[in-house]
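The values are calculated or read from the model by the stated rules, or taken from the named source; none is laboratory data. Since the model is a prediction, treat every value here as computed from it, not as a measurement. Cβ sites come from the backbone with ideal geometry, for glycine too, and all protein chains shown count toward neighbours. Note: accessible area is taken over every heavy atom of the protein model, side chains too, but ligands, DNA and RNA are not part of it. Shrake-Rupley method; radii C 1.70, N 1.55, O 1.52, S 1.80 Å.
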Amino acid sequence: IFLILSGLSTGASWLCYFKALRLGDVNKVTPIDKSSTVLTMILALIFLGEKLTAVKIIGMVLIGTGTFLMIEKKKTDNSSADKRSGASLIYAMFSAVFAALTSIFGKIGIEDVESNLGTAIRTVVVLLMAWILVFAEKKQSEIKNIDKKSWLFLVLSGVTTGSWLCYYGALKNGPASIIAPIDKLSIVVTVAFSYIILKEKLSKKAFLGLVLIVAGTLSLLIKY
C-alpha cells in the first residue's frame, strides 16, 4: 500500500514539477521543489518518530533560508509572463509537497522489501499513472511529433532517473530526515547545468541561498 502511495506521490510530484519547468526558469523552480527537504524532515519527525536534534534544526533553518533567498519572481512588463511565472511557483510548491510524501511513504513501504524490488514496484505505478493521463488527455498521437533531440534527452533523463535505485537503497538503511536532504544536493548540479547549458544566471542573493542550502545539508552529516 505504501509503495503504491509513494509511486502515486512521485507521479503527482513529477507532473507538477515538469509543468513548473515549462512555465518558469530551471534555477527558480528547482529551489522550491527542493524545499521538500524541510517538509520531509518535519514529516519524518511526526510520522516516523525520527529524533529532532540541534544539528537537524540548524540544517532545516539554513536550507529553508537558502530556499527563500533563491525564490525570485521575474519582473516583466508582460502580464502574461507574470502569470506564467506565478503559476510556475505554485506548481513547484505542489511538487515539493508530493516529493516529501514520496519519501515518507517510500520509507514506510520499503522497510521489509528489497530496495530494488520496491523501486520497480513504484516505477510501475508511476508509469501507469503517466500513461493513463496521456490517454485521458488524448495526447498519445503526439508521440510521433517528438523530434530526435527531444527523444535523446528524454531517454537520457530516464536513464539518470535510475538514481532511484540508489536513493531507495539508502532510504531503506538510513533515516529519511538525513537521506532526503543529501539527495537534494542535486540542486548544485542542476543550477550549474542551467547556467552552462541554458544560460540562466543566478543573482547574488540566489547564489547566497544556494550556499546556505549546501551548508545546511552538509551540516546534517555531523555526528551521523
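Whether any residue in the stretch 31-40 is touching a Pro at 6+ places or on another chain (Cβ under 9 Å), open to solvent by less than 40 Å² (accessible area, probe 1.4 Å), assigned to a helix (DSSP H, G or I) and among the hydroxyl-bearing types (Ser, Thr, Tyr) is what I want to check.
Checking the stretch 31-40: at least one residue is touching a Pro at 6+ places or on another chain (Cβ under 9 Å), open to solvent by less than 40 Å² (accessible area, probe 1.4 Å), assigned to a helix (DSSP H, G or I) and among the hydroxyl-bearing types (Ser, Thr, Tyr).
For the stretch 190-205, enumerate the residues that are in contact with a helix residue (DSSP H, G or I) (Cβ under 7 Å, 6 or more places away or on another chain), basic (Lys, Arg) and in a loop (DSSP other than H, G, I, E, B).
Within the stretch 190-205, LYS201 is the sole residue that qualifies.
Output the residues belonging to the stretch 41-59 that are crowded, with 21+ Cβ neighbours inside 10 Å and not charged (D, E, K, R).
MET41, LEU43, ALA44, GLY59
How about the stretch 6-25: which of its residues are in a helix (DSSP H, G or I) and open to solvent by 30 Å² or more (accessible area, probe 1.4 Å)?
Within the stretch 6-25, LEU8, TRP14, LEU15, TYR17, PHE18, LYS19, LEU21, ARG22, LEU23 meet the criteria.
Looking for something open to solvent by 60 Å² or more (accessible area, probe 1.4 Å), in contact with a helix residue (DSSP H, G or I) (Cβ under 8 Å, 6 or more places away or on another chain) and assigned to a helix (DSSP H, G or I) - is there at least one such residue anywhere in the stretch 206-217?
Yes, the stretch 206-217 has at least one match.
Is it the case, given these coordinates, that ILE187 is assigned to a helix (DSSP H, G or I) and surrounded by 14 or more Cβ atoms within 10 Å (Cβ to Cβ)?
Considered against the rule, which asks whether it is assigned to a helix (DSSP H, G or I) and surrounded by 14 or more Cβ atoms within 10 Å (Cβ to Cβ), ILE187 comes out as yes.
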